[in-house]
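Structure first, then comments.
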Amino acid sequence: MANPKKLVLIGNGMAGVRAIEHLLKLAPDAYEITIIGAEPHPNYNRIMLSSVLAGGADMKDIIINDWDWYEENNIRLLTGHQAVQIDTKRRKVVSHLGAEAEYDALILATGSNPFMLPLPGADKEGVIAFRDIKDCETMQEASQKYKRAVVIGGGLLGLEAARGLLHLGMDVSVVHIHPYIMERQLDETASKMLQRELESQGMKFLLRKNTESIYGKKRVKGLRFTDGTEAEADLVVMAVGIRPNVELAKASGIEVNRGIVVNDFLETSAPGIYAVGECAEHRGIAYGLVAPLFEQGAVLAKRLAAVETEGYSGSVTSTKLKVSGVDVFSAGEYNEPPGTRALRYQDEVDGVYKKIVLQDDKLVGAVLFGDTADGSSLFSLIRKGESVKGREKELLLGFQPGGSGGAASLESRLEAMAADEIICGCNGVSKGAIADAIQSKGCASVGEIKACTKASASCGGCKNLVAGLVNLYAGDAAGEPAKEGICGCTPLGRDEIVAEIKRMELKSVKEVMNVLEWRTPEGCSKCRPSLNYYLGMLWPAEYKDEKESRFTNERYHANIQKDGTYSVVPRIYGGVTSPQELKKIAEVAEKFDVPMVKITGGQRIDLLGVKKDDLPKMWEELDMPSGYAYGKALRTVKTCVGSTFCRFGTQDSIGMGIRLEKEFERLNTPAKVKLAVSGCPRNCAEASIKDFGVVAIDGGWELHVGGNGGVHIRATDLLCVVKTEDEVVEWAGAFLQLYRENAQWNERTSIWIERVGLDYVKQALEKREDRLALYERIRAALDHTADPWKQIIGSKELRRNFESLAPAAVPN
Ligand SMILES: Cc1cc2nc3c(=O)[nH]c(=O)nc-3n(C[C@H](O)[C@H](O)[C@H](O)COP(=O)(O)OP(=O)(O)OC[C@H]3O[C@@H](n4cnc5c(N)ncnc54)[C@H](O)[C@@H]3O)c2cc1C
Ligand SMILES: NC(=O)c1ccc[n+]([C@@H]2O[C@H](COP(=O)([O-])OP(=O)(O)OC[C@H]3O[C@@H](n4cnc5c(N)ncnc54)[C@H](O)[C@@H]3O)[C@@H](O)[C@H]2O)c1
Ligand code: SF4
Ligand code: FES
């Protein structure tokens with residue numbers, strides 16, 4: 001295009017930049033674009049600030065478009081610039097630093113301002129809102145120095161802030177003006193169930209409290225309420241709603257009501273000026289959730305690209321609270337207005353509540369607590385507005401607990417969904433669009449689908465559904481398997497192989513290769529250990545481990561070193577040893593001329609440089625269990641000193657760590673597994689980079705999963721919060737077994753979780769019956785394990801292997 005027009009966007013946030021993304025797809029060369037953003041960051045996912053605060057994501061993970069994206073798209077970006085003037089005659093915008101940008105078209109996407117209650121003392125240090133990265137950092141810093149936090153407002157934002165502050169180790173109270181929390185999304189029953197659940201996680205509630213003033217000298221010390229009571233606080237977070245940011249528009253003479261008034265094409269009263277996002281008011285509504293804002297952005301992009309559009313006609317919204325361990329969904333009319341009827345299901349044992357609201361045979365609202373899996377289906381029906389006569393009970397109870405549960409019920413749910421049902425509420429992506437991305441565009445993972453369709457790119461709440469669709473459709477594409485075989489010896493993928501082993505009850509590596517028509521009769525160094533693992537996992541009682549299918553390290557139960565010697569790491573439970581044990585290790589090291597004794601990162605002692613022939617003798621003299629430092633197995637359980645000695649410790653992390661290690665030692669896993677237990681959120685045992693990390697909080701334990709501190713560094717995701725040590729063990733066992741049964745051989749939990757999605761894991765573990773079934777299966781597997789060093793010491797035949805120089809069957 002010869003003379004591109006000039007487009008200026010004010011507000012580098014979620015709605016404005018999404019509109020630009022659409023526009024770049026529709027008409028990449030139509031405009032010369034300038035973006036002016038007051039924050040000093042590139043465009044980021046504001047929604048995920050809650051997860052950053054709660055330890056479920058890193059700041060770096062929430063960038064949507066990095067600096068390079070602007071450059072690649074020839075966008076002039078002015079960050080840290082607040083637009084302060086719009087000259088509508090000369091069509092020019094001026095920033096507070098004096099930068100200017102001329103426009104033919106201008107988009108206002110200035111978002112909202114958090115509403116700050118105009119209370120005496122609201123200007124004190126330590127009184128903040130929760131809106132941007134800066135607020136998030138302020139809370140993180142405050143938690144290092146201070147203990148007591150009060151959140152004013154028990155809505156979505158307030159509860160997510162409170163959960164994050166609990167994670168940061170603060171004592172948190174939520175002050176709410178109404179008799180029950182989230183009254184804008186929930187009825188009283190669901191709200192009370194939610195409150196109980198959050199209380200069990202350590203959150204406190206002060207209901208029916210109207211704040212009168214904030215006291216303290218320079219920094220806040222507490223709040224005073226109108227009923228005369230007080231609450232102490234070193235940090236106050238106000239989350240009492242938002243107000244569209246309209247100042248600039250108003251000052252520029254653009255029509256403003258609550259928000260900047262726009263028509264169905266997002267046009268404001270000023271020619272050439274559009275508004276999109278939270279700052280815009282469409283048909284009397286200013287939205288505060290991304291789904292409608294993204295819909296607006298898509299319409300605006302079409303308008304700017306001169307592509308025909310019917311315009312934006314408004315949205316029905318749904319919400320989900322993003323608090324780990326709590327499933328809450330609400331859509332439409334949740335409070336049974338006159339003329340509606342409601343159907344309810346309540347199960348106090350499993351903590352499940354469901355309500356659907358009907359009007360004239362149509363579904364107009366839904367509230368779900370404890371089991372939100374049907375949320376997207378119900379929401380689709382609300383949006384469609386079709387009659388559900390005769391199906392009411394099925395809608396309420398169709399997939400109630402007690403069904404097949406876990407992955408199977410997810411699959412059947414997905415199969416039953418219509419193609420136009422929305423899977424990703426934030427981005428409005430339907431089942432059909434995802435199926436098409438898998439089948440026609442070759443997307444084979446959640447990440448690829450996200451890149452292709454945007455599904456799962458915002459709150460991430462739909463990841464398990466997207467992962468479920470990948471499982472459902474990958475493989476159907478054009479009748480060909482979408483996945484590659486596990487190696488060149490077979491076209492079959494991991495899931496097909498495991499399914500066939502189960503179906504045909506295949507019991508040896510050779511049998512699998514024969515029956516499944518391996519291309520190479522002996523297999524290779526990839527498929528043989530995988531098959532050995534899958535067979536052992538599926539038939540723990542009957543399958544005899546095939547040593548020759550294992551790598552050298554696992555055959556000799558020691559790590560081979562570059563000079564051909566081995567290293568020996570005995571198990572030291574929870575990193576706790578004793579003078580007697582240390583003396584024994586020292587004597588053995590001297591006796592066998594061990595050239596180096598090293599303390600490992602996993603709190604154990606490594607005897608390096610041991611000759612192969614000496615291994616059994618050394619194990620005999622050590623008389624300690626194998627530490628499995630060589631295997632795809634449970635390695636260490638790192639612990640901090642915890643409440644036994646540390647003044648910050650809230651729980652006995654050493655005892656918990658030793659219990660976990662004793663419970664799961666000798667467990668074979670798809671790849672190595674490391675655990676850690678910290679006695680408080682200071683997290684000295686680095687639980688947030690372990691496969692399963694346990695962090696003590698007041699009155700309970702946070703369970704984190706999928707971390708990795710190695711080459712591919714990944715922080716854990718928060719799985720849930722539990723109260724007792726027994727629950728920690730039950731969840732750990734269930735999680736490890738789920739991983740054992742579903743991951744590919746050699747796939748660390750960090751990669752596996754990225755592939756299947758945290759929500760898949762949460763859903764598979766959320767029901768106690770499913771957890772207990774998994775736990776029983778892991779116990780059954782553990783019942784058939786024995787310490788390999790002891791087995792070798794006690795068997796002349798096995799000892800002989802260490803004298804011979806037989807080459808490894810499977811090269812490393
Ligand atoms: C912690 C948190 C969690 C949330 N969770 C969810 C959720 O789970 N689901 C959901 O749907 N929504 C959620 N939301 C709401 C969602 O983030 C917002 O609806 C969305 O970000 C609004 O997009 P926007 O572009 O209109 O505004 P914003 O994303 O706020 O962007 C506006 C930008 O404009 C800039 N700006 C303002 N004035 C000027 C000016 N004069 N010059 C230059 N720049 C300016 C601001 O600094 C800001 O960067 C959450 C919000 C928060 C704070
Ligand atoms: N999971 C999500 O979808 C999510 C998460 C966070 C934020 N958000 C969005 O961010 C925006 C801001 O969230 P929010 O929770 O602040 O807004 P909100 O308006 O939804 O809730 C504010 C809550 O504060 C309470 N309140 C008002 N005045 C009070 C007072 N003086 N004392 C105590 N309580 C008082 C209200 O009763 C209400 O429940 C909303 O648009 C929300 O939808 C969404
Ligand atoms: S993590 Fe453990 S050692 Fe570190 S401060 Fe907390 S209790 Fe103490
Ligand atoms: S539902 Fe929020 S990203 Fe899909």
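The values are calculated or read from the model by the stated rules, or taken from the named source; none is laboratory data. Note that this is a predicted model, so its numbers are computed, not measured. Cβ coordinates were reconstructed from backbone atoms using ideal geometry, including for glycine residues, and neighbour counts include every protein chain displayed. What goes into the accessible areas is simple: the full protein's heavy atoms, side chains included, and nothing from ligands, DNA or RNA. Shrake-Rupley method; radii C 1.70, N 1.55, O 1.52, S 1.80 Å.
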* Considering only helices (runs of 4 or more DSSP H) fully contained in the range 729-809, which possess at least 3 residues that are closer than 23 Å to residue 543 by Cα and not aromatic (Phe, Trp, Tyr)? -> 768-783, 788-793, 796-803
* Selection status of residue 543, hydroxyl-bearing (Ser, Thr, Tyr) and free of Cβ contacts under 8 Å to residues at least 60 places away in the same chain -> yes
* Structure fact -> Subset of the range 614-635, residues open to solvent by 10 Å² or more (accessible area, probe 1.4 Å), under 43 Å from the mean Cα position of the chain (by Cα) and of a type outside the set (Gly, Ala, Ser), comes to 623, 625, 628, 630, 632, 635
* Asked: Quick one: in the range 679-723, which of the residues that are of a type in the set (Gly, Ala, Ser) and part of a helix (DSSP H, G or I) is farthest from ligand 3 (Cβ to nearest atom)?
  -> 688
* Are any of the residues in the range 586-605 within 16 Å of ligand 3 (Cβ to nearest atom), of a type outside the set (Asp, Glu) and assigned to a strand (DSSP E or B)? -> no
* Structure fact -> Across the range 700-725, the tally of residues that are open to solvent by 10 Å² or more (accessible area, probe 1.4 Å), more than 18 Å from residue 680 (Cα to Cα) and of a type outside the set (A, V, I, L, M) stands at 5
* Filter the range 641-661 down to residues that are hydroxyl-bearing (Ser, Thr, Tyr) and under 19 Å from residue 167 (Cα atoms) and give me whichever is farthest from ligand 4 (Cβ to nearest atom). => 643
* List the pairs whose first member sits in the range 46-71 and is among the hydroxyl-bearing types (Ser, Thr, Tyr), whose second member is within 13 Å of ligand 1 (Cβ to nearest atom), and whose Cβ atoms are under 6 Å apart, counting only residues at least 6 apart or on separate chains? -> 50/160; 50/322; 51/57; 70/77
* Asked: When the residues of the range 644-671 are filtered to those that are at pLDDT 95 or above and basic (Lys, Arg), which remaining residue is farthest from residue 781 (Cα to Cα)?
  -> 659
* Which condition does residue 517 not pass, out of (1) at positive phi; (2) open to solvent by less than 40 Å² (accessible area, probe 1.4 Å), if it passes all the others? -> (2)
* Just checking, how many residues over the range 229-255 are more than 36 Å from the chain's Cα centre (by Cα) and open to solvent by 40 Å² or more (accessible area, probe 1.4 Å)? -> 7
* To do: Please find, among 105, 129, 162, the residue that is surrounded by fewer than 23 Cβ atoms within 10 Å (Cβ to Cβ) and within 24 Å of residue 216 (Cβ to Cβ).
  => 129
* Subset of the range 31-75 (residues that are hydrophobic (A, V, I, L, M, F, W, C), under 20 Å from the mean Cα position of the chain (by Cα) and either open to solvent by less than 30 Å² (accessible area, probe 1.4 Å) or closer than 14 Å to residue 17 by Cβ (or both)) -> 47, 49, 52, 53, 54, 57, 62, 63, 64
* Among (1) more than 35 Å from the chain's Cα centre (by Cα); (2) more than 15 Å from ligand 2 (Cβ to nearest atom), which single condition is residue 125 missing? -> (1)
* Which one is least open to solvent (accessible area, probe 1.4 Å), of the residues in the range 636-651 that are more than 16 Å from residue 732 (Cβ to Cβ) and not hydrophobic (A, V, I, L, M, F, W, C)? -> 642
* **Test for residue 144: is it within 16 Å of ligand 1 (Cβ to nearest atom) and either closer than 29 Å to residue 357 by Cα or within 26 Å of the chain's Cα centre (by Cα) (or both)** => no
* What number of residues within the range 498-514 satisfy the criterion of being assigned to a helix (DSSP H, G or I) and either open to solvent by 20 Å² or more (accessible area, probe 1.4 Å) or assigned by TED's automatic domain parsing to the domain that holds residue 747 (or both)? -> 7
* Structure fact -> Those residues of the range 285-333 that are in a helix (DSSP H, G or I) and under 29 Å from the mean Cα position of the chain (by Cα) come to a total of 9
* Asked: Has the range 178-188 got any residue that is of a type in the set (Lys, Arg), open to solvent by 10 Å² or more (accessible area, probe 1.4 Å) and assigned to a helix (DSSP H, G or I)?
  -> no
* Output yes when any residue across the range 111-122 is surrounded by 20 or more Cβ atoms within 10 Å (Cβ to Cβ), within 15 Å of ligand 1 (Cβ to nearest atom) and within 19 Å of residue 225 (Cα to Cα), and no when none is. => no
* Asked: Looking at residue 659, is it away from ligand 2 (no atom under 16 Å from the Cβ) and outside any loop (DSSP other than H, G, I, E, B)?
  -> yes
* **Output for the range 425-477, where each listed residue is among the small types (Gly, Ala, Ser), within 16 Å of ligand 1 (Cβ to nearest atom), surrounded by fewer than 24 Cβ atoms within 10 Å (Cβ to Cβ) and at pLDDT 90 or above** => 428, 457
* Check whether at least one residue in the range 313-327 is in contact with an Asp or Glu (Cβ under 8 Å, 6 or more places away or on another chain), open to solvent by less than 40 Å² (accessible area, probe 1.4 Å) and modelled with pLDDT of 95 or more, and report yes or no. => no
